[in-house]
């Protein structure tokens, strides 16, 4: 026990094994061991690269308060920090664009080959300077009402003026522009007589004279005659009628006078409205048919995802709410309603202005051979067949001279 084996077969195997190992060069054997160790380390090493799906990037809406340059800088910083690929960033940005920016994402991703090109297109399109016209419209529509707080009104007018001018004009110009938004003649004269050098000084002066202004207006209204005279009634220059006492026909709301400026939309948010199914492209919607509306409306979020021709056009709408609504875009698209394809023009309005995706007015059947049948279940679009009747007063030919002798053969 404990003595080495003396078997012939075992003693012969040892020199053979030593010979096979000693036959390999020591350097080659060390290189193979190092390579196998390197491969083993790479296979067992955990990938520490961060995926783009694990990174939070905020979405961008052109109508929000986030600047396009700040948002693009945030995306570029994340791309450099986490070593993200250019393709992943462009695909991620395509899903982060919201609102009006979503309309251009397909064309941008095809025409641009890198994130730098896409960033330049975004900045060029949605830079605040490109929306200068919208700021001008908002400033022009900012009109003073006696029910508003004069200090808050002047502050809002000053903010709108700064957005339009970019602080490139003097304080005197700002004071005159803000005072010009006040429609009350007496209050405007008092503000001009204050001779304020800056808008903050003008706001403080307006806050001090506002209570006195209201007291004088109340005292003056009490001195007026309680019984109006016939001659004091307003006279409509369009209808040529006075004393408009019928509902919906006063001087301020004369439909004939306002028809050239605005369109009437009689929409209310009730559950018993007339619904009309509409298909546009691959999308299906449930619209409201309003026989008292002169035009058709569509939400901004719905208009952003359907095809059609878009035109920047200012249009004023009345009848939706308490105040007049301004639409800045018109969309013309092909709608399929009850297996009938109709080209329809929509006015794009904010989502919160109407209670459905779209509202269809009488422009659907205007100057067409279409009619809408309204039932308790909803509305149905019908095509009116056109039949032309022809009456022959004279025979085409007189009695022909032929070689036929029988009357039956002639007829």
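Residue 183 to residue 42: extension gain in nm, 0.36 nm per residue of separation minus the Cα-Cα distance?
43.1 nm
Taking 22 Å as R0, compute the FRET efficiency from the Cβ-Cβ separation of residue 313 and residue 382 and round it to 0.05.
Rounded to the nearest 0.05, the efficiency is 0.10.
Using the number of other C-beta atoms within 10 angstrom as an exposure proxy, rank 283, 139, 289 with the fewest first.
In order of increasing Cβ crowding within 10 Å: 283, 139, 289.
Once you sort the root eigenvalues of the Cα gyration tensor of region 131-207 as a ≥ b ≥ c, which label holds: rounded (a/c under 1.5), prolate (a/b larger than b/c) or oblate (the other case)?
oblate
What order do you get for 39, 199 when you list them from fewest to most C-beta neighbours inside 10 Å?
Fewest-to-most Cβ neighbours within 10 Å comes out as 39, 199.
With a Förster radius of 25 Å, plug the Cβ-Cβ distance of residue 96 and residue 284 into 1/(1 + (r/R0)^6) and report the FRET value to the nearest 0.05.
0.40
Suppose R0 equals 41 Å; then what is the FRET efficiency for residue 169 and residue 114 from their Cβ-Cβ distance, rounded to the nearest 0.05?
Calculated transfer efficiency: 0.55.
Once you sort the root eigenvalues of the Cα gyration tensor of region 68-126 as a ≥ b ≥ c, which label holds: rounded (a/c under 1.5), prolate (a/b larger than b/c) or oblate (the other case)?
The shape class here is prolate.
If we restrict to alpha carbons, what Rg and Dmax does region 263-383 come to, in Å?
13.3, 38
Using a simple spin-label model with points 7 Å from Cα along the Cα→Cβ vector, what separation in nm is obtained for residue 49 and residue 324?
In this crude label model, residue 49 to residue 324 measures out at 6.0 nm.
Since every read-out is calculated from the coordinates, none of them should be taken as a lab result. All values reported here derive from a predicted model rather than from experimental measurement. Reconstructed Cβ throughout: ideal geometry from the backbone, glycine too, with neighbour counts over all protein chains shown.
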